[in-house]
1. Considering only residues that are assigned to a loop (DSSP other than H, G, I, E, B) and under 30 Å from residue 234 (Cβ atoms), which ones fall in the stretch 190-218?
2. Quick one: which helices (runs of 4 or more DSSP H) sit completely within the stretch 432-534 and have at least 3 residues that are crowded, with 19+ Cβ neighbours inside 10 Å?
3. May I ask you to list the residues in the stretch 359-379 that are surrounded by 16 or more Cβ atoms within 10 Å (Cβ to Cβ) and touching a strand residue (DSSP E or B) at 6+ places or on another chain (Cβ under 9 Å)?
4. Criterion first (buried (at least 24 other Cβ atoms within 10 Å of the Cβ) and either of a type outside the set (A, V, I, L, M) or in contact with a His (Cβ under 9 Å, 6 or more places away or on another chain) (or both)) does residue 295 satisfy it?
5. Any idea which residue in the stretch 253-279 is farthest from residue 323 (Cα to Cα), counting only those that are surrounded by fewer than 21 Cβ atoms within 10 Å (Cβ to Cβ) and of a type in the set (S, T, N, Q)?
6. In a strand (DSSP E or B) and not small (Gly, Ala, Ser), is that true of residue 313?
7. Here is a check on your reading of the model: is residue 320 under 16 Å from residue 54 (Cα atoms), modelled with pLDDT of 95 or more and in the same structural domain as residue 26 (by TED's automatic domain parsing)?
8. Name every residue in the stretch 29-46 that is over 21 Å from the mean Cα position of the chain (by Cα) and more than 12 Å from residue 308 (Cα to Cα), in order of residue number.
Amino acid sequence: MKEKFLILIAFILVCQPVIAQPMDKLTLVVVIAVDQLRRDRLHDDFPGGLGRLIRHGKVFAAARTNHANTSTCPGHAVMLTGVNPAKAGIPGNRYIDRQSWESRYCVDDDDTANRVFGAESNRSPKNLLVTALGDWLKAANKNSRVFAVGGKDRSAIILGGHDADGVYWFDSSQGLFTSSRYYLDQLPGYIRDFNGSEPLQDGFLSRLPEYWEHAPGNLREDDFSGESDEFGRTSGHPIRRGALQEIADQVYHSPFVDTASLDLARLVVECESLGQRGSIDLLAVALSASDSIGHLYGPFSAESDDALKNVDLMLGKFLAFLDEAVGKGNYVVALSSDHGVAEIPEWSIENDRLQCPVASGRASQYILGAKMYWYLYRNFTFPFGNPASLVKNSAYSISVNSSYARERGIEPNDVIVGIKVLLEDQLYVKRAWTLKDVMGDDSEVARLYRNSYVEGKGGDLFLQLEPSCFLTRKGASHGTPYDFDRDIPLIFYGKAIPPGVSGEMAHSVDIATTLADFLGIPAPAHVDGRLLMLR
């Protein structure tokens, strides 16, 4: 007990105490991105930070994403760039590079100069083709500072933009918060102290419980069919069990990654004096637990319910800290999400609202892949060609290697049409959109796919499943153009923003444009986002 007390004291004394600003002047913008948060999961009786924002902020009750590929990287990209993924250059978490024919990660970087501290990977925002709010802010005022903290590298990096002063994320392969040499030559001392020299003895991991214990949940019993059993289906789930690598993975799939992210965000404010230097600073915080937990258990599970309660609790403490450190009238908050999620089909079946024509709501991605590649082999690459060299998929996008095809006398469009027919013959597929379909159709769904398509990175076919159909064996998923994946919360909060609820149609791509106007700084002419009325 004495050792843990000393660790806590050391953590508090890492930076000098901060004193609230005496002036009533906006000095800090805080953007909170809660990964995989459906709008219908929020209500105004949350007792902590979520409740405070809902009751005292400007709530846009009809907010959605404005693109079809509802996944993490593009969902975060649109928030602070003000452009749809098509312009941002971020079609998905991963994509097929049409020149190299390789699967690429959205924040990967071939340049070893941008190596992640303590790892063998390279990370940077170089795949982001446009600037972000933090870049605009620093261009308008050279004294402004920009930081991002998150549970995922792609979330924090994309929110930080190109010219951030610091971007930190939880690396589950190391069990600590890290960054890349794209931003700085070494991790700041306060980050290293937060991690600890021996993470399980003197870092933030040492303060976590052995198990994650939670209540049964408000909507369904704790142990429910369809949930993943990777970390157990009932309370308590292991947190500090096994070796460091196992513990890091357990933490990543628990509410404690959000707790640590907000603790570190507080430390960044303190040690970098954000909002306390007279100029306007930006802090983006990406909370990822709702996504990792939602994938395992679904959005209405006891686990997801507890994760959101933890966001409410920790966000309440963080806002109270900002009240003291920066001053109530000196900061503004924007809260949103990158995407929603579908409820697990077992829950839909129990409540008699399954829309999927497959009785279980689940189909096998492996069987679908086997059907597709057998078709390709039989019709195009027999006897010695490799169908995997002809076609690759990334999430719900399928790409045809035109060079490989033409070298073998194969017409790429014949491959595309053949796969389209095969896919649309599956009971759980609503439509397979060709690029020609997407560009030529005037429907709303086609428009959403156009907003997701990136030249050189986008596919030739886009798979639209029937509503509430899954290609996963357990848990929940997202990535479709349906409302349950697109409906997100959007709240702006601050002294100059009167509380209320707006029915105005709003999108996450409107956040940066709106904040830039609120701050009085210019946004680029190419933005897609609209200006939302905050006052």
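1. 203, 208, 209, 210, 213, 214, 215, 216, 217, 218
2. Qualifying helices (runs of 4 or more DSSP H): 444-452, 483-486, 511-519.
3. 361, 362, 363, 368, 372, 373, 376
4. Numbers: buried (at least 24 other Cβ atoms within 10 Å of the Cβ): no; either of a type outside the set (A, V, I, L, M) or in contact with a His (Cβ under 9 Å, 6 or more places away or on another chain) (or both): yes.
The answer is no for residue 295.
5. Within the stretch 253-279, the match that is farthest from residue 323 (Cα to Cα) is 279.
6. no
7. yes
8. At the first step, the residues of the stretch 29-46 found to be over 21 Å from the mean Cα position of the chain (by Cα) are 43-46.
Of everything in the stretch 29-46, those that are over 21 Å from the mean Cα position of the chain (by Cα) and more than 12 Å from residue 308 (Cα to Cα) turn out to be 44, 45.
The values are calculated or read from the model by the stated rules, or taken from the named source; none is laboratory data. Quantities reported herein were computed from a predicted structural model and do not represent experimental measurements. Ideal geometry is used to build each Cβ from the backbone, glycine not excepted, and the neighbour counts take in all protein chains shown.
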